[in-house]
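To start, the structure itself, in structure tokens.
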Amino acid sequence: VAEGEAPVPEDDSLAALRAAAAGCRRCPLWKPATQTVFGEGPEDARVLFVGEQPGDAEDLAGRPFVGPAGRVFDRALAELGLERARFYVTNAVKHFKFERRGRVRLHRSPDPSERAACRIWLERELATVRPDIVVCLGAIAARAVFGNKFRLMQQRGTWQTLPDGTRAFATVHPSWVLRQRGDEARREAYAHFVDDLSLLLKVRP
Ligand code: URA
């Protein structure tokens with residue numbers, strides 16, 4: 001597939017979308033990345049989580065949220081008694097964007113053109129899964145879902161309604177929790193993250 005082409009299938013199944021996204025060349029991020037990291041989870045999930053983009057571990061594994069951020073996410077869900085396997089988990093951008101520093105690959109934020117190019121996949125995942133609730137992890141995800149005016153730190157942990165009536169909220173990204181300096185700050189950030197996610201308990205997903 002030539003760069004810029006959009007091999008988006010007519011067929012709406014997640015399997016068809018995943019297969020098509022594997023060959024996506026809509027932006028240049030596919031080239032240095034190992035593979036497309038598509039969303040995963042049941043097609044009839046009631047809750048759909050959106051992250052930013054795969055990290056180093058996800059790029060290698062081909063699955064979302066399996067690295068350090070994923071472990072924070074898993075721990076928070078487990079603490080709330082929520083089973084991740086029941087949810088659909090995806091990212092706003094499906095390829096890992098990074099900068100090489102010696103042997104490490106450092107995460108870089110996707111720019112607006114890359115986010116816009118990838119948008120079709122999240123839209124199709126949302127249209128196929130049709131969740132009751134969308135949860136955004138971090139500012140990039142929140143802007144992909146609510147638009148650029150969304151202010152994460154002011155609006156986190158509060159219910160929003162999407163144009164089609166779907167209920168949604170945003171919280172911080174688990175990597176942001178890990179980036180807090182000092183045990184106390186990290187502990188507080190994590191507790192607040194869990195508290196935001198506890199909104200899900202009120203709707204018993
Ligand atoms: N960070 C994300 O936003 N998504 C992942 O899948 C992993 C880390």
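Would you pull out the residues with amide H under 5 Å of Val66's amide H, same chain only if 5 or more places away, H placed 1.01 Å from N?
Sorted by chain and number, the residues that satisfy this are Glu58.
Per-residue counts of other Cβ atoms within 10 Å, averaged by peptide: what ranking do you get for 187-196, 78-87, 137-146, highest first?
137-146, 187-196, 78-87
Any aspartates and glutamates with Cα under 14 Å of the Lys202 Cα? List them, leaving off those in the same chain fewer than 8 positions away.
Asp132
If a/c stays under 1.5 just call it rounded; otherwise compare a/b with b/c (prolate if a/b is bigger, oblate if not). Do that for region 63-119, with a ≥ b ≥ c from the square roots of the Cα gyration tensor eigenvalues.
Judged from the Cα gyration tensor, region 63-119 comes out oblate (a/c at least 1.5, b/c at or above a/b).
Could you point to the residue in Gly51, Ala69, Leu14 farthest towards the positive end of region 1-80's charge dipole, with +1 and -1 charges on the Cβ of Lys/Arg and Asp/Glu respectively?
Ala69
Checking the a/c ratio against 1.5 first, then a/b against b/c, what shape does the Cα gyration tensor give for the chain?
Judged from the Cα gyration tensor, the chain comes out oblate (a/c at least 1.5, b/c at or above a/b).
Considering only DSSP beta bridges with both partners in region 89-205, what is the antiparallel share in %, to the nearest 5?
Of those bridges, close to 55 percent are antiparallel.
Need one number: % antiparallel among DSSP beta bridges in the chain, to the nearest 5.
Of those bridges, close to 35 percent are antiparallel.
Normalising by the residue count of the chain, find the relative contact order in percent from Cα pairs under 8 Å and 6+ residues apart.
After rounding, I find 21 percent.
When the helices in the chain are scored as -39500 (n - 2.57) per DSSP H run of 4 or longer and the sum is shared across all residues, what 222 nm value do you end up with, to the nearest 500 deg cm²/dmol?
-11000 deg cm²/dmol, from helical runs alone.
Spelling out what I want: for every residue of region 93-104, take phi, set θ = phi - 60°, compute 6.51 cos²θ - 1.76 cosθ + 1.60 (Karplus), and round to whole Hz; glycine and proline get x.
10, 9, 10, 6, 9, 8, 10, 7, 10, x, 8, 9
With a ≥ b ≥ c taken as the square roots of the eigenvalues of the C-alpha gyration tensor of region 162-203, please select rounded if a/c is under 1.5 and otherwise prolate if a/b is larger than b/c or oblate if it is not?
Oblate is the answer for region 162-203, as a/c is 1.5 or above yet b/c matches or exceeds a/b.
Which of the lysines could a cross-linker span from Lys94 if the Cα-Cα distance has to be under 26 Å and same-chain partners fewer than 8 positions apart are dropped?
Cα-Cα hits under 26 Å: Lys31, Lys149.
Quick one: which residues, 5+ away or cross-chain, put their amide H under 5 Å from the amide H of Ala170? H built at 1.01 Å from N.
The answer is Cys136, Gly157, Thr158.
In percent, what relative contact order does region 132-182 have, based on Cα pairs under 8 Å that are 6 or more apart in sequence?
Here the relative contact order equals 44 percent.
Any idea what the dipole of the chain comes to, in debye rounded to 20, about its Cα centre with Lys/Arg Cβ at +1 and Asp/Glu Cβ at -1?
Roughly 640 debye for the chain.
Any read-out appearing in this document is the output of simple, stated calculations on the displayed coordinates, not a laboratory observation. Predicted, not measured: the structure shown is a model, and the values here were computed from it. In this analysis, Cβ positions are derived from the backbone assuming ideal geometry, glycine residues included, and neighbour counts consider all displayed protein chains.
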